[in-house]
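Notes to accompany the following structure.
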Amino acid sequence: MSEYETIIGLEVHAQLRTRTKVFCGCTTQFGNPPNRNTCPVCLGMPGILPVLNRRVVEFAMRAGLALNCTIQNRSVFARKNYFYPDLPKGYQISQYELPLATEGYLEVEIEKSERRIGITRVHLEEDAGKLVHEGFADSDRRSHVDFSRAGVPLIEIVSEPDLRSPDEAAAYLKLVRSILRTLEVCDGNMEEGSLRCDANVSIRPRGSDQFGTKTELKNLNSFRNVQRALAYEVERQTRILDEGSRVKQETRLWDAAEGRTGSMRSKEEAQDYRYFPDPDLLPLQISNEWIKAVRKDLPELPTARKHRFINDYGLPRGDAEVLTEDRLLADYFEEVVRISGNPKISANWVLTELLREINAGDGNLEKMPVSAGHLGAMIKLIENKTISGKIAKTVFEEMVQTGKEPSAIVRDKSLVQIVDEEAILKIINEVIVENPRPLAQYKDGKTTTFGFFVGQVMKKTQGKANPQKVNELLRRRLGD
């Protein structure tokens, strides 16, 4: 065990899935040409006034309640002042002393045990623009500014410094992402930047109650990068302390290609931003009735759904975790179960065949040609012995290619399973007559040839014979 203890807190920035920005009517659509999604308000032109988007507040409240926070009846928008090329107003509208939601927590499963990770606050703010850099040589280096993202609504979810390892941090981030996707308030697309994470990390002597000097890691955009960056930073700080030096408080960037962090700037404190209440926005007043209405509309959350899948469907914990990471996948699975009546076989098909096809494509379940109804109906055909498990794979592949219902595929391709004992026994007799040498070997005690006979029977029937019947009748026949 290391002589040091790791202390980690995460700041998760999540873009809310509203159609328009937080203080103006510009679209939030991703992928438009640079600077297309702009207007005088989000560009900070003189004389403009922001108008708060009610839908943004509702989405933030949903997130706050799902994270077990208290929604404040009164919160205040503030100006966070700093100067950077992609910040058109020279300040960011955010919340500081009086945020929207406070004092929450999440129960995160770490190595089969749950740990409560505190959440300090969830507050609303607007996003900045984006800098695009080109060229490597000094003579060819250029930077462009795209303001389309400026004014896009964000929530910032600030955890307590309760995380104790890079793995814990990644598990916490995965759960936050799953909750936001379940609520449908954020798409969680880390590659497009709609979910970003900053991490504050420090180490201290094990057993100490004093925090060490922390560094901030900016814009970690994948679970793997969170783990790798934090692991590197813990190792770097440990090396510094072991050498008798002091860790410098600073902001650092993670270089995924190099596998290391590098200094970006000295760490700012709150006073550096000169926060003050935004004079153009009144305090946000939220009634208890509105909070109750939003709470009543919350869906079943991933952790509760996972436990229900384990208890009601008898699924292994690992299967239940994967199925409930995404709301669409969990809904799909439950519809398959409703039709098939068999949760375990349904889970096997969803987690193997279905996910393999999704991952081989564009990763979008909504574009999958095999509907939950068709997959459930196919499993029903296996259950009533109309088709075998092997034939089912052929049926599934055809469903992927054509989108047809399974019964039509079975009918059109004559894939009905052979279960008639007389028909199977006739083929068994043919195989035995055609293979005298393996038969003699079997009679002499070489029982491994049994699998050979099974394979020959399945080959003659093109995989349509019921495997259980084949094994049962073959053993009876060879035992004569």
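The values are calculated or read from the model by the stated rules, or taken from the named source; none is laboratory data. In this text, all values refer to a predicted model and were calculated from it rather than measured experimentally. Quick reminder, even Gly has a Cβ in these numbers, built from the backbone with ideal geometry, and neighbours come from all protein chains shown.
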If we scan segment 346-357, do we find a residue that is in contact with an Asp or Glu (Cβ under 7 Å, 6 or more places away or on another chain), modelled with pLDDT of 90 or more and buried (at least 16 other Cβ atoms within 10 Å of the Cβ)? yes
Any chance PRO299 is farther than 24 Å from PRO166 by Cβ, out of contact with any strand residue (DSSP E or B) (no Cβ under 9 Å at 6 or more places or on another chain) and either part of a loop (DSSP other than H, G, I, E, B) or in the same structural domain as ALA78 (by TED's automatic domain parsing) (or both): yes
Out of curiosity, is SER165 modelled with pLDDT of 90 or more, farther than 25 Å from GLY363 by Cα and buried (at least 16 other Cβ atoms within 10 Å of the Cβ)? yes
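Criterion first (in contact with a Leu (Cβ under 8 Å, 6 or more places away or on another chain), farther than 14 Å from ARG260 by Cα, in the same structural domain as LEU10 (by TED's automatic domain parsing) and not hydroxyl-bearing (Ser, Thr, Tyr)) does ALA199 satisfy it? Can you show your working first?
On the way: in contact with a Leu (Cβ under 8 Å, 6 or more places away or on another chain): yes; farther than 14 Å from ARG260 by Cα: yes; in the same structural domain as LEU10 (by TED's automatic domain parsing): yes; not hydroxyl-bearing (Ser, Thr, Tyr): yes.
It is true that ALA199 is in contact with a Leu (Cβ under 8 Å, 6 or more places away or on another chain), farther than 14 Å from ARG260 by Cα, in the same structural domain as LEU10 (by TED's automatic domain parsing) and not hydroxyl-bearing (Ser, Thr, Tyr).
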Count - residues of segment 257-296 that are touching a residue at least 40 places away in the same chain (Cβ under 8 Å), among the charged types (D, E, K, R) and in a loop (DSSP other than H, G, I, E, B): 5
Take the residues in segment 250-303 that are within 29 Å of ASP326 (Cβ to Cβ) and among the charged types (D, E, K, R), then tell me which one is surrounded by the fewest Cβ atoms within 10 Å (Cβ to Cβ). LYS296
Only one of ASN189, ASN200, ASN219 is on the phi > 0 side of the Ramachandran plot, touching a strand residue (DSSP E or B) at 6+ places or on another chain (Cβ under 7 Å) and not small (Gly, Ala, Ser); which? ASN219
Could you tell me whether any residue of segment 126-140 is in contact with a helix residue (DSSP H, G or I) (Cβ under 6 Å, 6 or more places away or on another chain) and surrounded by 21 or more Cβ atoms within 10 Å (Cβ to Cβ)? no
Given THR28, THR18, THR6, which one is under 19 Å from ASP162 (Cβ atoms), touching a strand residue (DSSP E or B) at 6+ places or on another chain (Cβ under 7 Å) and surrounded by 15 or more Cβ atoms within 10 Å (Cβ to Cβ)? THR6
Which residue out of SER178, SER148, SER143 is assigned to a helix (DSSP H, G or I) and hydroxyl-bearing (Ser, Thr, Tyr)? SER178
Tell me, which helices (runs of 4 or more DSSP H) lie completely within segment 382-480 with 2 or more residues that are farther than 30 Å from SER340 by Cβ and over 39 Å from the mean Cα position of the chain (by Cα)? 421-434, 436-443, 449-460, 467-478
The lone condition LYS344 fails out of (1) touching a residue at least 40 places away in the same chain (Cβ under 8 Å); (2) among the charged types (D, E, K, R); (3) in contact with a Gly (Cβ under 9 Å, 6 or more places away or on another chain) is (1)
